[in-house]
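Working notes, structure below.
The values are calculated or read from the model by the stated rules, or taken from the named source; none is laboratory data. Bear in mind that the values here come from a model prediction, so they are computed numbers and not experimental data. Every residue, glycine as well, gets a Cβ built from its backbone with ideal geometry; the counts of neighbours run over all protein chains shown.
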Amino acid sequence: MGRAFVYVVLGGGVAAGYAALEFARRGGYSRGELCIISEEVAPYERPALSKGYLLPEDPSRLPKFHTCVGANDELLTTKWYKEQGIELVLGTRVISADVRRKTLLTATGETISYKTLIIATGARALKLEEFGISGSDAANICYLRNLEDADKLVNAMSSCSGGNAVVIGGGYIGMECAAALVTNKIKVTMVFPEKHCMGRLFTPKIAEFYEKYYAAKGVVFVKGTAVKSLEVSDGKVAAAILRDGRRLPADMVVVGIGARANTGLFDGQLAMERGGIKVNGRMQTSDAAVYAVGDVAAFPVALLGGDVRRFEHVDCARRTARRAIEAILEPSGGAAEEGKAFGYLPYFYSRVFALSWQFYGDNAGEAVHFGDFSPPVAGGKPKFGACWVSGGRVAGAFIEGGSPEENEAMASAVRSRAAIADLAAELGSRGLGFADEE
Ligand code: FAD
């Protein structure tokens, strides 16, 4: 049993949705030549799962957040794919890939062949078992990567109102889920081994603001230690036992301890780097017929001097997808001419409670803070941030509560690697005091 396509997108998440949109815009395929294979439903905007999806009132549900609604583009429902002549092979897991023969084998035993493959398999949530802790299959343990996980989380929250949740991990999944749990009237204790939340991105000063804000909402932080084991009874976790001996009673547990790129199908077949599939600035892998996009792709970033990086950011999924399709359909066009590295500005954002922050570039160098870090008075909107300065130039910028214009000013300062003196003047003219406190 088998089918043959010219273009196959493997994985049906954010990057796949934007790849489909770009194919449709450019019209570079005929009906029946392009397919997307995914074990999930039609591509959707994954960040919604930790935000609108978890709201107690009027939660967001599909089809509302299919791609590409996040970028104010069209809403790509299954009807749209049909109209565009793009085959969706959904609910289907690919279990092996043969890059030399250009074939994929699905769990249902079908062989799908391609001329050009676009790998968009994303990442998976790391499990507690990978850290030697058992209990992940308990009914009240939640991870958050896909719709199934999100539904389990929603059900756990609805049966736990007024109860206790332990959130394991202080990254953005932990922070966004903690905010959702509080909004759903659940008491939250967050546990993580780092000194402060968002340890890889936030400075201690930025982290202090968010931790105080969360504490004012009732969240308890247990830092500098980790969960050693889980106490399970009747298939449910009753408590988390910490390395320092403490016991945290739990009616539910949310785990956000990182992700790993889904590269396994291509191990030994394609070059790998930084835990992902290595691509050039056109998103082409070590096999010329295979491209990789989104969370799974490690690519040279022009802004970082051609350094190869991998980003698990939605904006990166969107842009690398467009880049790959442009390169595939216009091999001698802009994507090819721009040289080796991709002119991508790393960009990540998060929204929790009434807060909203954006980060651009690289948090390399010395952090210089600006704005007012005091807790907001009722109804007030905080506004502050930091710039990372390296060699007198702005390498990265973080801003909480920025207006679209301010966010764009930060992005353009990073993009142009502005001299720090120019940035101080620019921020001053926009009413953001530049408090050089370090
Ligand atoms: P994904 O969107 O993960 O899609 C991969 C798809 O491939 C999945 O559908 C998967 O099931 C499928 N797949 C994998 N292997 C196979 C296989 N063998 N066979 C068939 N199908 C397969 N980023 C931000 O910048 N800001 C945010 O606020 C933010 N919030 C997030 C919240 C959550 C809960 C999560 C999980 C992520 C969030 N992200 C955020 C990250 C962002 O969603 C990802 O960077 C983005 O989804 C990556 O897109 P992708 O297409 O590479 O992978």
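List of remarks:
- One residue stands out in the stretch 15-35 among those that are of a type outside the set (Gly, Ala, Ser) and out of contact with any Phe, Trp or Tyr (no Cβ under 8 Å at 6 or more places or on another chain): the one that is farthest from residue 312 (Cα to Cα), namely 31.
- Subset of the stretch 106-127 (residues that are in a strand (DSSP E or B) and more than 12 Å from the ligand (Cβ to nearest atom)): 111, 113, 116, 117
- Taken together, the residues in the stretch 49-65 that are within 30 Å of residue 5 (Cβ to Cβ) and either within 8 Å of the ligand (Cβ to nearest atom) or surrounded by 22 or more Cβ atoms within 10 Å (Cβ to Cβ) (or both) amount to 1.
- The criterion of being of a type in the set (Gly, Ala, Ser), in contact with an Asp or Glu (Cβ under 8 Å, 6 or more places away or on another chain) and surrounded by fewer than 24 Cβ atoms within 10 Å (Cβ to Cβ) does not hold for residue 13.
- Residue among 405, 426 that alone is surrounded by 15 or more Cβ atoms within 10 Å (Cβ to Cβ), modelled with pLDDT under 95, at negative phi and not in a loop (DSSP other than H, G, I, E, B): 426
- Members of the stretch 230-256 found to be under 12 Å from residue 141 (Cβ atoms), surrounded by 15 or more Cβ atoms within 10 Å (Cβ to Cβ), more than 13 Å from the ligand (Cβ to nearest atom) and in contact (Cβ under 8 Å) with a residue 24 or more places away in the chain, listed by number: 230, 232, 236, 237, 240, 250, 251, 252, 253
- Of the residues 291, 344, the single one that is in a strand (DSSP E or B) and aromatic (Phe, Trp, Tyr) is 291.
- Number of the exception - residue 178 against (1) assigned to a helix (DSSP H, G or I); (2) more than 16 Å from the ligand (Cβ to nearest atom); (3) not charged (D, E, K, R): (2)
Yes or no, residue by residue, for (1) acidic (Asp, Glu); (2) assigned to a helix (DSSP H, G or I); (3) farther than 17 Å from residue 236 by Cβ; (4) free of Cβ contacts under 8 Å to residues at least 60 places away in the same chain:
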residue	(1), (2), (3), (4)
129	yes, yes, yes, yes
138	no, no, no, no
148	yes, yes, yes, yes
153	no, yes, no, no
157	no, yes, no, no
160	no, no, no, no
173	no, yes, yes, no
